[in-house]
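What follows is a short report on a single structure.
Just so it is clear, none of the values below were taken in a lab; they were calculated from the coordinates. A quick note: this is a predicted structure, and the numbers were derived from the prediction, not measured. No Cβ is skipped: glycine too gets one built from the backbone with ideal geometry, and neighbour counts run over all protein chains shown.
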């Protein structure tokens, strides 16, 4: 089993993403954005921590 990754600094993630997207960070939105990032991080952890057997295969793609 691989070691757990270090939790990212969400404030730094927010600043970096804003810079990449050319956005300015309004101080009034700082805490709500960080709260959203914490929720997304928790959701991602649930998916990442879900155990799958080695025999698991990707779902087939159906086309109409």
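For the reader, a short list of remarks on this structure follows.
- Selected residue [in contact with a helix residue (DSSP H, G or I) (Cβ under 7 Å, 6 or more places away or on another chain) and on the phi < 0 side of the Ramachandran plot] from 52, 37, 46, 23: 37
- The residue of region 5-64 that is surrounded by the most Cβ atoms within 10 Å (Cβ to Cβ), among those that are assigned to a loop (DSSP other than H, G, I, E, B) and touching a residue at least 12 places away in the same chain (Cβ under 8 Å), is 8.
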